[in-house]
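*Asks:* The structure's right below; bear with me while I get my questions together.
The values are calculated or read from the model by the stated rules, or taken from the named source; none is laboratory data. Predicted, not measured: the structure shown is a model, and the values here were computed from it. Glycine gets a Cβ as well: all are built from the backbone with ideal geometry, and neighbour counts include every protein chain shown. Heads up: the accessible areas ignore ligands, DNA and RNA and are worked out on the full protein's heavy atoms, side chains in. Shrake-Rupley method; radii C 1.70, N 1.55, O 1.52, S 1.80 Å.
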Amino acid sequence: MGYRDTYDRWRNDPSGFWMEAANDVDWFSPPTVAFEPSAGVYGRWFPDATCNTCHNALDRHVEGGRADQAALVYDSPVTGTKRTFTYVELLREVQAFALVLTDLGVAKGDRVVVYMPMVPEAVVGMLACARIGAVHSVVFGGFAARELATRIDDAMPKIILSASCGIEPGRTVAYKPLLDEAIALAAHKPSACVVLQRERLKAELADGRDHDWHDRQRNALADLAGGRPSPCVELAATDPLYILYTSGTTGRPKGIVRDNGGHMVALRWTMEAIYGMAPGETYWAASDVGWVVGHSYIVYGPLLHGCTTVLFEGKPVGTPDAGTFWRVIAEHGVRVLFTAPTAIRAIRKEDPDARHAAGHDLTGLRALFLAGERADPETIRWAERLLDVPVIDHWWQTETGCAVAANPLGLERLPVKHGSPAVPMPGYGIRILDTEGRSVSPGVMGNIALELPLPPGAAVTLWGADDRFRSSYLQTQPGYYDTADAGSVDEDGYIWVMGRTDDVINVAGHRLSTGAMEEAVAAHPAVAECAVFGCRDELKGEVPFGLVVLKSGVDTPTTDIEAEIVATVRDRIGPLAAFKKALVIDRLPKTRSGKILRGTIKRIADGEPYTPPGTIEDPAVLTEIEGAILNANER
Ligand code: COA
Ligand code: AMP
């Protein structure tokens, strides 16, 4: 079946469509009902089924003849390490680590925070949680202690898994002091931490609380070899598999909850239908396990489908050069690569003629998929010329867990329109609505809303906050899920996503809240008020820019204060915020009702023409700001 037939098949019978897809995973007790509309916030998928995600990711393939096939290839240019785990080897590691968790008192429903770099142990930790029904919550390593503390207080983990350090080009990031500081800041205290000691930098372990990962794992492996069982726990399909925090409009992140059953069914389906992958082939998502792309397409999707997944600890450039991606593709026989456009922009900037691709056999690659931010046509064209494969932009969010719109190569290769992530995927009815909630005509911009219910695999709620889920997503466009993205649909049904309608910005494919950054800026004692907004950046798409008004009487030189504010944001949110621009000004442009005109400021900073809104209190302030930004750029 091609795309149109498949989409119509879903439209005509969503329950039948997903029940059929459910046949492709193993269940303890298979679903007899696809969907229960009265359960949960907007209904729940597979309400009477039981299953285990780890079983489907590992045991099933070992039992089904893939024991000696590579499951995970760890390629780490920053440490000079490469290691392959077959399915049976990865299963053994996960079974053993499940025993480690159990011995530390972790049981079904307990939360486990994972604050780790891109090492195989992070994947082992996630799958071991899935095995025993514990709920993992991975926190990206680039977040500072305070952000980690916020997540600890929300998820209230029984234990935390971490590592002594992460390795960034040019510096070693000591994770353990950040972990200790986060635990000190948090009101909730975990009962234990398991710390992976890495060669580059060993950490001090706290007596009683901290455990050495290798010691614990070695003992558990011996127990396993001695016949101690480590079974997959039978879970309701609706039980939570993980919580993943993502940025909202405020400093309080949203804990997206993913279930077990719907998630498995949806991800496995996408591996085949969207990415065109066959079991046994190698898939590489060049992202991080701290992001949704890492959850869905480094860990769960490829393993659920019996593929080999690549875990890459490095950057597109500088580790050691702009040819790293091409080397990994050639060396590990990657069939499909998934990354953020910013990674391709970084490679192109460093190596515009792709000299570093020479000598790497890229003929096995079938497609490059891009997501995380809008894929600019120039970048797509460059990659198309170099790789001579389809370069597919697809659009999704942490909340959806997989693509809402894509060009589904596994079903049919649709014509590519540069700048559009193509068409809606089965499960998603996309509507473009105006501010009154009415559908607009083709080609007209509006808010992108999704029909309810959301399909299997999408967020089922926010952790411990059903009402916040309703108010964040379901109330602004009654009857629909509000994506907080703006865009249009053209006459051919292709979606065009233009950007966020809220205070979220995308920095190098990382989703960040300007609201959270404003809270961090305002924490500086000299700051009276501030506005943080996303400013166009050639490499990262957007970078944050903060305009700051000081309290009266502050006599410290403004350049010192600007530097202190940059340091404050780095300290409170983390380096990944890439907050490097703060500018002290006399006053902020506001409406007569006191609302800061962030949209207009952004246009000024991007050098775009702007019209002062009719509601502005004093239009002269815009000219002042334009001058201040010009001066700052010349500094
Ligand atoms: N732990 C600690 N610090 C981290 C980190 C981690 N896991 N990841 C990033 N950082 C730090 C970096 O060291 C950098 O710090 P610096 O300000 O001291 O240099 C800062 O956070 C910003 O990092 P990054 O966004 O990686 O920017 P960069 O300038 O080092 O590299 C790119 C630019 C484009 C190469 C890089 O952003 C990239 O590879 N992007 C791909 C995006 C991606 O995978 N997105 C995931 C969604 S698909
Ligand atoms: P995240 O939750 O981190 O995946 O970020 C989701 C947001 O990134 C979306 O709401 C969009 O604003 C943006 N985004 C992701 N993919 C695309 C894409 N292909 N085109 C345009 N924007 C995208």
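*Asks:* Test each condition in (1) exposed (fewer than 15 other Cβ atoms within 10 Å of the Cβ); (2) more than 30 Å from the chain's Cα centre (by Cα); (3) not in a loop (DSSP other than H, G, I, E, B) for residue 611 and report the one that comes out false.
*Replies:* Tallying (1) exposed (fewer than 15 other Cβ atoms within 10 Å of the Cβ); (2) more than 30 Å from the chain's Cα centre (by Cα); (3) not in a loop (DSSP other than H, G, I, E, B), residue 611 fails exactly one: (3).
*Asks:* While we're on this one: What's the number of the condition residue 303 fails, among (1) over 29 Å from residue 143 (Cβ atoms); (2) buried (at least 20 other Cβ atoms within 10 Å of the Cβ); (3) away from ligand 1 (no atom under 16 Å from the Cβ)?
*Replies:* Against the list (1) over 29 Å from residue 143 (Cβ atoms); (2) buried (at least 20 other Cβ atoms within 10 Å of the Cβ); (3) away from ligand 1 (no atom under 16 Å from the Cβ), residue 303 comes up short only on (1).
*Asks:* Can you find a residue that is buried (at least 16 other Cβ atoms within 10 Å of the Cβ), in a loop (DSSP other than H, G, I, E, B), out of contact with any Cys (no Cβ under 9 Å at 6 or more places or on another chain) and not hydrophobic (A, V, I, L, M, F, W, C) anywhere in the stretch 432-453?
*Replies:* Yes, the stretch 432-453 contains a residue that is buried (at least 16 other Cβ atoms within 10 Å of the Cβ), in a loop (DSSP other than H, G, I, E, B), out of contact with any Cys (no Cβ under 9 Å at 6 or more places or on another chain) and not hydrophobic (A, V, I, L, M, F, W, C).
*Asks:* Can I ask one more? Taking the conditions exactly as written (touching a Pro at 6+ places or on another chain (Cβ under 7 Å), more than 26 Å from residue 139 (Cα to Cα) and in contact (Cβ under 8 Å) with a residue 40 or more places away in the chain), does residue 507 satisfy them or not?
*Replies:* No: the conditions fail for residue 507.
*Asks:* State all residues of the stretch 352-370 that are free of Cβ contacts under 8 Å to residues at least 60 places away in the same chain and within 13 Å of ligand 1 (Cβ to nearest atom); if no residue qualifies, say none.
*Replies:* Matches in the stretch 352-370: 368, 370.
*Asks:* Let me ask another. I need the full set of residues from the stretch 586-598 which are open to solvent by 50 Å² or more (accessible area, probe 1.4 Å) and not hydroxyl-bearing (Ser, Thr, Tyr), in order please.
*Replies:* 586, 587, 592, 595, 598
*Asks:* Residue check, residue 503 against (1) open to solvent by less than 40 Å² (accessible area, probe 1.4 Å); (2) within 16 Å of ligand 2 (Cβ to nearest atom); (3) of a type in the set (D, E, K, R), all met but one. Which one?
*Replies:* Every listed condition holds for residue 503 apart from (1).
*Asks:* Here is a follow-up. Given the condition assigned to a loop (DSSP other than H, G, I, E, B) and either in contact (Cβ under 8 Å) with a residue 12 or more places away in the chain or within 17 Å of residue 198 (Cβ to Cβ) (or both), answer yes or no: does some residue in the stretch 174-186 qualify?
*Replies:* Yes, there is a match, as at least one residue in the stretch 174-186 is assigned to a loop (DSSP other than H, G, I, E, B) and either in contact (Cβ under 8 Å) with a residue 12 or more places away in the chain or within 17 Å of residue 198 (Cβ to Cβ) (or both).
*Asks:* Do we find that residue 602 is open to solvent by 30 Å² or more (accessible area, probe 1.4 Å), of a type outside the set (A, V, I, L, M) and within 28 Å of the chain's Cα centre (by Cα) in this structure?
*Replies:* yes
*Asks:* Give 567, 577 a once-over and let me know the one that is in contact (Cβ under 8 Å) with a residue 12 or more places away in the chain and aliphatic (A, V, I, L, M).
*Replies:* Going through 567, 577 in turn, just one is in contact (Cβ under 8 Å) with a residue 12 or more places away in the chain and aliphatic (A, V, I, L, M): 577.
*Asks:* Looking at the stretch 508-528, which of the residues that are modelled with pLDDT of 95 or more and part of a strand (DSSP E or B) is surrounded by the most Cβ atoms within 10 Å (Cβ to Cβ)?
*Replies:* Among those residues, the one meeting the criterion is 527.
*Asks:* Now for a different question. What are the residues in the stretch 14-34 that are over 11 Å from residue 237 (Cα atoms) and open to solvent by 40 Å² or more (accessible area, probe 1.4 Å), if any?
*Replies:* 14, 15, 19, 20, 23, 24, 26, 32, 33, listed by residue number.
*Asks:* Regarding residue 565, is this residue within 24 Å of residue 622 (Cα to Cα) and at pLDDT below 95?
*Replies:* no
*Asks:* Please find, among 486, 465, 459, the residue that is surrounded by 16 or more Cβ atoms within 10 Å (Cβ to Cβ), among the hydrophobic types (A, V, I, L, M, F, W, C) and away from ligand 2 (no atom under 16 Å from the Cβ).
*Replies:* Result: 465 is the single residue among 486, 465, 459 that is surrounded by 16 or more Cβ atoms within 10 Å (Cβ to Cβ), among the hydrophobic types (A, V, I, L, M, F, W, C) and away from ligand 2 (no atom under 16 Å from the Cβ).
*Asks:* I'm checking my understanding of the structure. Among residues of the stretch 563-583 that are open to solvent by less than 60 Å² (accessible area, probe 1.4 Å) and farther than 22 Å from residue 634 by Cα, which one is farthest from ligand 2 (Cβ to nearest atom)?
*Replies:* In this case the residue turns out to be 568.
*Asks:* Among the residues of the stretch 316-347, which ones are within 14 Å of ligand 1 (Cβ to nearest atom), assigned to a loop (DSSP other than H, G, I, E, B) and in contact (Cβ under 8 Å) with a residue 40 or more places away in the chain?
*Replies:* Across the stretch 316-347, the qualifying residues are 318, 319, 320, 340.
*Asks:* Restricting attention to the stretch 348-382, and to residues there that are in a helix (DSSP H, G or I) and either open to solvent by 40 Å² or more (accessible area, probe 1.4 Å) or within 20 Å of residue 291 (Cβ to Cβ) (or both), which single residue is farthest from ligand 2 (Cβ to nearest atom)?
*Replies:* 355
*Asks:* Scanning the stretch 251-286 for residues that are of a type in the set (S, T, N, Q) and in contact with a strand residue (DSSP E or B) (Cβ under 7 Å, 6 or more places away or on another chain), which turns out farthest from ligand 2 (Cβ to nearest atom)?
*Replies:* The selected residue is 282.
*Asks:* Could you identify the single residue in 112, 100, 78, 73 that is buried (at least 22 other Cβ atoms within 10 Å of the Cβ) and either assigned to a loop (DSSP other than H, G, I, E, B) or touching a Cys at 6+ places or on another chain (Cβ under 7 Å) (or both)?
*Replies:* 112
*Asks:* Test each condition in (1) modelled with pLDDT under 95; (2) within 16 Å of ligand 1 (Cβ to nearest atom) for residue 554 and report the one that comes out false.
*Replies:* Going through the list (1) modelled with pLDDT under 95; (2) within 16 Å of ligand 1 (Cβ to nearest atom), residue 554 breaks only (2).
*Asks:* Every residue in the stretch 405-429 that is more than 16 Å from residue 9 (Cα to Cα), out of contact with any His (no Cβ under 8 Å at 6 or more places or on another chain) and of a type in the set (A, V, I, L, M), please.
*Replies:* 409, 414, 416
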